[in-house]
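Written out below as structure tokens is the structure these notes cover.
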Amino acid sequence: MKPKLGTLVLCAVLGLGATAQGADFSDPGWPCIQRKVESLSVGLMWPYPVEETEISADVQADIDELASRFALRRLELEEIEPALSAFTAKHGRNPDLMGAVFVDAFDRLSATRKVIMKGISDYSFSQIALAEKIDAARTEMTELMAAEKPDFDMVDALEAQADWDERIYTDRAKSLTYVCETPVLLEKRIYAIAQMLLAAAEE
């Protein structure tokens, strides 16, 4: 018989190895080694007061367009520099204007980050449920084998299903490292955007 998975959930079976020893798995909805940060704050990244001001429709359209570029993760920030230069050439370098661009980009990326974190939580609970299903199958197999007349057909069927579930579990777990890094990468991108816009802001 194979070992039960119940005690291995979110650790060895996930392939985290020794690094998992430093993780806190007290939150079953957060299987990542990275520290969980529920939400981000504009004030921690943008030093100027962010206040709602009246902005003309054409300026707002340009703000939205530039912010949407910043929110496209497939675009390196260096690729956006020409668009930022064109924006400042047209509208100036007022910190309030740069702040409006940052808040717009921040809101877009923060929304994406929340969706990803919700997906991580759903992923974690689905993995836990699958591990419990495998564990239950292994337990039932042990009980069947301990019977006076074991039902070998049932044992074979349970083992085949458990093997298949374990394969699914392992395949899903392989993506954990990338999935867990994504919120952190988004945080770094947001911070880098802030630095880029602060550098462009008029002192």
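The values are calculated or read from the model by the stated rules, or taken from the named source; none is laboratory data. The shown structure was predicted, so the numbers you read here are calculated from the model rather than taken from an experiment. For neighbour counting, all protein chains shown are included, and Cβ atoms are generated from backbone atoms with ideal geometry for every residue, glycine included. Accessible surface is based on the protein model in full, side chains and every heavy atom, while ligands, DNA and RNA are left aside. Shrake-Rupley method; radii C 1.70, N 1.55, O 1.52, S 1.80 Å.
Can you name every residue in the stretch 140-198 that is of a type outside the set (A, V, I, L, M), over 30 Å from E38 (Cβ atoms) and touching a residue at least 40 places away in the same chain (Cβ under 8 Å)? Correct list: T142, E166.
Residues that are open to solvent by less than 40 Å² (accessible area, probe 1.4 Å), farther than 12 Å from L186 by Cβ and part of a loop (DSSP other than H, G, I, E, B) within the stretch 32-46 comprise C32, M45, W46, listed in sequence order. Per the listing D104, D165, D135, the residue uniquely in contact with a helix residue (DSSP H, G or I) (Cβ under 9 Å, 6 or more places away or on another chain) and open to solvent by less than 20 Å² (accessible area, probe 1.4 Å) is D165. If you go through the stretch 87-96 and keep only what is assigned to a helix (DSSP H, G or I), open to solvent by 20 Å² or more (accessible area, probe 1.4 Å) and in contact with an Asp or Glu (Cβ under 9 Å, 6 or more places away or on another chain), you end up with K90, H91, P95, D96.
A quick yes/no check of all residues on (1) part of a helix (DSSP H, G or I); (2) under 18 Å from the mean Cα position of the chain (by Cα); (3) within 22 Å of L77 (Cα to Cα):
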site: F102; (1), (2), (3): yes, no, yes
site: A136; (1), (2), (3): yes, no, no
site: A160; (1), (2), (3): yes, no, no
site: I190; (1), (2), (3): yes, yes, yes
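Here the stretch 66-79 is the region considered, the condition is being in contact (Cβ under 8 Å) with a residue 24 or more places away in the chain and either of a type in the set (A, V, I, L, M) or assigned to a helix (DSSP H, G or I) (or both), and the residue that is nearest to V103 (Cα to Cα) is A67.
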